1. Output the peptides 334-340, 299-305 sorted from most to least packed, where packing is the average of other Cβ atoms within 10 Å over each peptide's residues.
2. Where does each of LEU631, LEU573 land when they are ranked from fewest to most other beta-carbon atoms within 10 angstrom?
3. Quick check: net charge around GLU542, other residues with Cβ under 14 Å of its Cβ, Lys/Arg +1 and Asp/Glu -1?
4. For an R0 of 51 angstrom, estimate the FRET efficiency from the Cβ-Cβ distance between SER728 and ASP620 and round to the nearest 0.05.
5. Quote the FRET efficiency, to the nearest 0.05, computed for TRP216 versus GLN277 with a Förster distance R0 of 41 Å and r equal to the Cβ-Cβ distance.
6. For region 609-619, take each phi angle, set θ = phi - 60°, evaluate the Karplus expression 6.51 cos²θ - 1.76 cosθ + 1.60, and give the result in whole Hz per residue in order, putting x for glycine and proline.
7. For the chain, what is the charge dipole size about the Cα centre, in debye to the nearest 20, if Lys and Arg each add +1 at the Cβ and Asp and Glu each add -1 at the Cβ?
8. Give the total of Lys-Lys pairs in region 70-209 with Cα-Cα distances below 25 Å; include a pair only if its members are 8 or more places apart or on different chains.
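Rule-based calculations on the coordinates, nothing more; no lab input. None of the values given here were measured: they were computed from a predicted structure. Methodologically, a virtual Cβ is constructed for each residue, glycine included, from the backbone with ideal geometry; neighbour enumeration extends over all protein chains shown.
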Amino acid sequence: MRYGYFDNDKCEYVIERVDTPMSWTNYIGTEGLVGVLNQTAGGYLFYKRAEHHRITRFRGNAVPTDRPGHYVYLRDDETGDYWSISWQPTAKPVECYKARHGLSYSVFSCEYSGIYAEQTLFIPRGADVELWDVKIENRSGRPRKISVFSYAELSWHQINGDNKNFQSTLYCAGASYKDGVIEQELHYEENSFQFFTADFDPDGFEIERERFTGIWRSENNPEAVEKGVLNGRAAWQGGNQCTALHKRFALDSGQQTRLCFMLGQGGREAGLAIRKQFACTLARDEALAALAAFWREKQSHLQINTPNANMNTMLNIWTLYQSEINVMFSRFASFIEVGGRTGLGYRDTSQDAMCVIPSNPQKCHERLIQLLKALVSEGYGLHLFEPEWFEEKPVSTFKSPTIVPTPERTSFVHGIEDACSDDALWLVSSITEYIRETGDATFAEMILPYADAEAAPDSVYEHCKKILRFSQRMVGSHGICQGLKADWNDCLNLGGGESAMVSYLFLWALDNFIKLAEFLGKSEDAAHFKKVHEDTAKVCRETLWDGKWYLRGFTKNGRPIGTDADKEGKVHLESNTWAVIAGGDGPEKGKKAMDSVEEYLGTPYGLMLNAPAYTVIDDDVGFVTRVYPGLKENGAIFSHPNPWAWVAESLLGRGDRAMNLYDRLCPAAWNDQCDLRKAEPYSTCQFITGKDHPAFGEARHPFMTGSGGWSYFAATQYILGIRPEFDSLTVDPCIPPEWEGFSAVRRFRGAEYKITVKNPKNVSKGVREVLVNGEKCDRIPIMKVGESCNVEVILG
Ligand code: GLC
């Protein structure tokens with residue numbers, strides 16, 4: 001069953017049935033102000049940091065899952081009947097409603113009781129305000145009297161304070177109304193305000209939550225809306241604040257009206273300025289158009305046209321969007337992670353920042369620098385950190401009246417006992433990728449400090465060497481990299497045991513670094529690390545092959561994990577895919593390993609992380625054995641490593657398999673089976689419940705997952721094969737043999753490459769000829785900025 005469809009021309013997903021099987025999220029905002037909202041306008045707004053600067057409240061893990069939200073109620077002033085434009089919270093008959101999620105905006109619409117209404121939520125570029133642009137049209141064929149009410153619940157900035165111990169929350173914030181603007185003051189902070197206003201002079205306002213809803217009611221049936229009157233006190237200190245404004249309209253038959261609410265960062269003065277700026281409908285239309293242009297520019301770095309329509313939709317629009325959102329806002333703002341954590345996860349950010357460099361080099365650059373500053377000089381990354389810790393002027397954190405000692409800077413820098421073995425390795429490849437894409441070799445020379453302040457600052461290049469040396473040093477008794485607190489798999493906690501995946505990841509990082517060293521003319525380093533690579537590859541070859549697949553590692557007692565003899569956790573996805581990506585063990589074993597992956601881990605929805613799932617607790621293996629079978633790391637179809645399998649199959653030249661795996665995980669491919677999938681079909685989810693769980697096939701945790709970035713990276717660079725190199729562009733696809741080809745437009749270092757791939761012999765892989773502007777070439781040269789060229793790639 002389907003709930004909606006993709007409107008690719010508008011880059012929107014149109015939800016025709018808003019009672020979706022789960023909340024379907026969108027993200028609005030592209031800079032400081034961010035909204036996490038679903039198809040019923042439920043969700044929350046924050047400024048820069050979801051944990052420390054929450055603007056609207058969200059009741060985490062509540063029933064229903066999306067309360068409260070940014071709501072507009074309409075009321076028939078002749079009958080007293082009222083409804084909300086976004087279906088919830090009043091929940092009138094669902095057939096009256098639709099929603100559209102676009103790129104950084106959402107539109108909710110309804111036609112109820114002869115009144116059509118639309119509410120568009122978006123945050124203009126360059127302004128810290130969320131606009132609620134509302135259009136109303138009387139389609140009833142008779143004159144009507146209609147009231148409009150806004151409602152959102154304001155939050156304390158600190159999510160911790162907002163969710164526990166209300167002693168402060170209830171007494172250290174207040175609100176007032178004056179000149180058409182509601183101002184919330186967070187009295188416990190310096191100069192800290194939010195505003196809410198509208199482009200009209202209201203007939204009434206309310207700033208106190210319970211006076212709006214009624215003490216024994218909720219946003220479902222607010223007393224004030226039922227009565228049709230807002231009678232607020234001009235100022236009130238303490239309690240829970242809300243933003244309700246009321247306007248009455250008389251609408252003739254066929255008449256339309258348009259109005260706008262504005263919720264933003266700053267006090268009354270800021271509110272008045274914003275009100276002036278966006279009172280005019282043209283300004284709002286232009287702001288929405290500017291947002292579309294912002295996304296069009298990002299999309300213009302790569303547009304593809306392949307025989308796979310779902311792939312086109314996902315890569316041209318939604319996967320790019322999801323990957324960008326992860327880089328922009330990190331991982332902790334969703335309906336699942338409701339902002340209770342903040343900052344950057346080392347491994348997640350390193351990977352996210354590798355995947356959208358073409359469309360967002362500035363943000364990726366900023367992230368890489370933040371990560372480099374959070375590298376401990378021993379060569380491991382701080383697993384979870386706040387970039388502000390390492391800025392010149394640390395952002396002052398909230399001073400609670402409950403005495404909490406101020407932490408020393410050194411306390412941020414955790415020891416090796418909390419280090420993960422993979423964290424910083426990802427960064428080496430992200431840095432090399434950044435230089436490949438931008439051509440900016442000077443980045444390698446940039447001098448940056450380490451997290452441990454006593455260590456002397458060093459170049460980016462030297463930071464990379466420290467990371468590589470850490471992995472080289474931190475090996476276990478077999479010579480394989482130690483697992484430490486965890487490797488990529490948070491729940492595989494091997495400590496001094498060994499992780500095959502990390503040794504393979506080390507090989508990949510080494511390979512990328514060696515190419516960088518060669519490009520920079522550092523031949524001694526290149527030779528040195530080639531030797532390290534050879535030695536590591538040899539140990540892997542001699543230690544990790546189990547006969548039909550690769551081991552996952554060893555426990556600290558030397559017991560192998562992931563062998564044919566194991567009853568549980570026999571085959572693991574991470575080590576097998578990375579063994580192939582790292583290379584060095586020949587295609588025969590690689591094919592055999594990937595065949596085993598398919599045999600043991602294959603499902604219609606993608607590949608499970610391991611199988612059979614663990615049922616017996618084994619702390620030598622880790623927390624994974626305490627996760628229920630089929631969920632998350634214990635045998636779910638964990639999305640993030642699935643693209644690694646597409647890369648592996650592409651490297652092995654099996655294009656039909658790579659594409660088949662792509663299709664199985666592809667969210668859009670499940671659009672017509674959303675009763676099964678449950679989650680939104682426009683976003684890759686963190687995982688899909690595995691075979692060993694009764695809810696097999698249900699997708700969970702949308703948007704905030706590394707599978708967004710990796711899906712983009714793997715599909716564009718390996719299946720379609722369009723890859724940046726230090727001194728050229730490569731097009732080396734691995735596609736299903738039945739494809740006759742595909743085309744793409746890629747912008748690379750300021751020039752445009754119009755690529756046509758032809759597959760006359762119906763092969764999967766192997767470039768026979770490359771023509772640039774009709775001339776045969778060995779490789780595709782870097783064109784001058786502003787130039788455009790035609791690239792023809794003939795396979796076979
Ligand atoms: C989550 C974490 C990520 C980890 C993965 C597997 O997605 O954010 O860091 O690699 O789970 O455990």
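1. Working: 334-340: 19.0, 299-305: 17.1.
Going by the mean number of other Cβ atoms within 10 Å, highest first, we get 334-340, 299-305.
2. LEU631, LEU573
3. Result for the local shell: -2.
4. Rounded to the nearest 0.05, the efficiency is 0.60.
5. On the way: r = 40 Å, r/R0 = 0.98.
The calculated FRET efficiency here is 0.55.
6. For region 609-619, the Karplus-derived couplings read 6, 7, 7, x, 4, 6, 10, 9, 5, 8, 6 Hz, x marking Gly and Pro.
7. So the magnitude is around 700 debye.
8. Count of close lysine pairs: 5.
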